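Working notes for the structure below.
The values are calculated or read from the model by the stated rules, or taken from the named source; none is laboratory data. The structure presented is a predicted model; accordingly, all values stated were derived computationally and were not measured. Using ideal geometry, Cβ is built from the backbone for each residue, glycine included, and neighbour counts are taken over all protein chains shown.
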Amino acid sequence: MASDRESLSRRMKVLAAAAMLLAGLLHIAVAAEHWSHAPAHGLFFVIAGIGQIVWSIAFWRTASPPLEKVGFLLAAVLLLLWGLTRILPAPFGHEPEAVEAAGLITKACEAVCVTALVLLMVAGAVPQARARSWRTVVELSVASLVLTGLTYGAARAAEPLLPGLKAAEHSPSQIEHEPGEAGQTTPPATEAHDHAD
């Protein structure tokens, strides 16, 4: 029985580290694309990606309960922020973000990481400690929700202080038609007229 727990723990450690590493690499890979849309988004992706890669290397080398908790919070908050910014306007943006393939793959990796860490905490524990492990998972889940709300709120509050990091403003005609597309209308030039009475 103990050997089954150890085998499961080893597999879950490898799975959690590999999933988080892949999510981090994907975040860095798409950072430039997001930077061109809104510099704050690109910066966030780089920071998140580096954090995920550093965590995965540290966890691969020395898995520990504190690192399990940090990994859970990191992956869960990034998952929740992604979901939130598909419903509400993303900070430093103008509208909710679109659902894209790269985002779905990254979120799947983070979900795998969270699941592996939960299994590691609960199934990897001796039977007498499982109730305490489930309590830890619930506490971490609540903390993830709180941290997600605080992160989103802080980013929204920072928008006016860091206007250079916002997404570029687009007029409705720019959004509907790319330059040179058929159907694009250019507003007529108007001349200013002074009317003296």
Problem set entry | Flag if Leu145 is surrounded by 17 or more Cβ atoms within 10 Å (Cβ to Cβ), touching a residue at least 12 places away in the same chain (Cβ under 8 Å) and either under 18 Å from the mean Cα position of the chain (by Cα) or over 30 Å from Arg5 (Cα atoms) (or both) | no
Exercise. What residue, of Leu162, Leu119, is over 23 Å from Leu67 (Cβ atoms), aliphatic (A, V, I, L, M) and modelled with pLDDT under 95?
Worked result: Leu162
Seminar exercise, completed: Reported set for the stretch 17-61 where residues are at pLDDT 90 or above and hydroxyl-bearing (Ser, Thr, Tyr) is Ser56
For this session: Give Arg156, Arg130 a once-over and let me know the one that is within 19 Å of Leu67 (Cα to Cα) and either exposed (fewer than 15 other Cβ atoms within 10 Å of the Cβ) or of a type in the set (Val, Ile, Thr) (or both).
Result: Arg130
Problem set entry | Inter-residue pairs, beta-carbon under 6 Å, first part of a helix (DSSP H, G or I) and in the stretch 24-46, second of a type in the set (Phe, Trp, Tyr), 6+ apart | His27/Phe45; Ala31/Phe45; His34/Phe45; Ala40/Phe92; Gly42/Trp35
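Regarding Leu67, is this residue closer than 23 Å to Ala158 by Cβ and either surrounded by fewer than 19 Cβ atoms within 10 Å (Cβ to Cβ) or modelled with pLDDT of 95 or more (or both)? Don't jump to the end; show me each part of the working.
Numbers: closer than 23 Å to Ala158 by Cβ: no; either surrounded by fewer than 19 Cβ atoms within 10 Å (Cβ to Cβ) or modelled with pLDDT of 95 or more (or both): yes.
Here the answer is no, as Leu67 does not meet what is asked.
Restricting to the stretch 64-92, count the residues that are touching a Lys or Arg at 6+ places or on another chain (Cβ under 7 Å) and over 14 Å from Ala19 (Cβ atoms). Spell out the reasoning first.
Applying the first criterion (touching a Lys or Arg at 6+ places or on another chain (Cβ under 7 Å)) to the stretch 64-92 yields 79, 82, 91-92.
From the residues that got through so far, the ones that are over 14 Å from Ala19 (Cβ atoms) too are 82, 91-92.
Matching residues across the stretch 64-92 total 3.
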For this session: Only residues that are surrounded by fewer than 18 Cβ atoms within 10 Å (Cβ to Cβ), in contact (Cβ under 8 Å) with a residue 24 or more places away in the chain and closer than 30 Å to Ser133 by Cβ: list them for the stretch 85-107, please.
Result: Ile105
